[in-house]
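The values are calculated or read from the model by the stated rules, or taken from the named source; none is laboratory data. Values in this document were obtained by computation on a predicted structure and should not be read as measured data. Here Cβ is always computed from backbone atoms with ideal geometry, including for glycine, and neighbour counts include all displayed protein chains.
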Amino acid sequence: MNNSLRSTVRLVGAGLRAMLVLTVVCGVIYPLVVTGIAQTAFHSKANGSEVKADGKSAGSSLLGQTYTLDKKDKDGNPLPDPKYFQPRPSAAGPNTENTRYHLTVSGASNLAADSKVLLTSVRQRRADVAKFNDVSPSSVPPDALTASASGIDPDISPAYAELQTERVAKTNHLPEAKVAQLVKDHTTGRIAGFLGDPRVNVLELNIALQKLTKG
């Protein structure tokens, strides 16, 4: 075997050994270590911030979802269920105007602030929210009228949750004071006291509401 062939064989052997070692280290050991640390130190986040109700998965605290009836409106959209707190509208999905959450697609409407389509949509939403909750249109907060950038925001403002309190209490035959306290108990303040805005997680609030109705 000449020197050239020996060098080639040696290089190929070294390359194969390096590939085997890196595969074991990077493809097996490293993922197992990272997974183990994540499951031990950040179990909830590592599993998608799963929220459970009655021992079953109810969704993720990071993803908004709908609370609708089996009935649909004239445009074919499911009607909101008056027994539950409703999330903010969503622009996610196959078109920019549907208000349903499609978790396979995330995104904003990308409509400009002076868009006639957006302005018409906001006016209609204000009227719909006001009618659904039997309140004045002027009392409807901004997050009830516009979608978030992701389209799947799980939170609403305390103002929007409070606006829905009377309707939720009446529909579920509960004292309004109890439902109002439920909203306060599930209101999260600003991060570190100054970052972001106070918010209410709709999924967690509705799960607590279900427990209250059963109790």
Worksheet item: Considering the stretch 116-171 alone, what residues qualify as being buried (at least 19 other Cβ atoms within 10 Å of the Cβ), out of contact with any Phe, Trp or Tyr (no Cβ under 9 Å at 6 or more places or on another chain) and hydroxyl-bearing (Ser, Thr, Tyr)?
Response: Ser121, Ser148
Worksheet item: Given the structure, is Thr165 free of Cβ contacts under 8 Å to residues at least 40 places away in the same chain, out of contact with any strand residue (DSSP E or B) (no Cβ under 8 Å at 6 or more places or on another chain) and within 27 Å of Val122 (Cβ to Cβ)?
Response: yes
Worksheet entry | Selection from the stretch 112-154 of residues that are under 25 Å from Ser60 (Cβ atoms) and either in contact (Cβ under 8 Å) with a residue 60 or more places away in the chain or among the small types (Gly, Ala, Ser) (or both) | Ala144, Ala147, Ser148, Ala149, Ser150, Gly151, Ile152, Asp153, Pro154
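Residue by residue, here is whether (1) touching a strand residue (DSSP E or B) at 6+ places or on another chain (Cβ under 9 Å); (2) outside the structural domain of Asp75 (by TED's automatic domain parsing); (3) more than 12 Å from Gln86 (Cα to Cα) holds:
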site: Asp134; (1), (2), (3): no, no, yes
site: Ser138; (1), (2), (3): no, no, yes
site: Pro141; (1), (2), (3): yes, no, yes
site: Asp155; (1), (2), (3): yes, no, no
site: Asp185; (1), (2), (3): no, no, yes
site: Pro198; (1), (2), (3): yes, no, yes
Worksheet item: Which residues, taken from the stretch 111-133, are at pLDDT below 85 and within 22 Å of Thr66 (Cβ to Cβ)?
Response: Leu111
Worksheet item: With (1) in contact with a helix residue (DSSP H, G or I) (Cβ under 7 Å, 6 or more places away or on another chain); (2) free of Cβ contacts under 8 Å to residues at least 24 places away in the same chain as the list, and Asp54 as the residue in question, which single condition is left unmet?
Response: (1)
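Of all helices (runs of 4 or more DSSP H) completely enclosed by the stretch 109-215, which ones contain at least 1 residues that are closer than 30 Å to Gly55 by Cα?
Fully inside the stretch 109-215 and qualifying: 158-171, 176-185, 202-214.
Please go through the stretch 33-49 and pick out each residue that is under 11 Å from Leu62 (Cα atoms) and not in a loop (DSSP other than H, G, I, E, B).
Lys45
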Worksheet item: Are any residues in the stretch 29-54 loosely packed, with under 11 Cβ neighbours inside 10 Å and either among the charged types (D, E, K, R) or touching a Cys at 6+ places or on another chain (Cβ under 9 Å) (or both), and if so, which ones?
Response: Lys52, Asp54
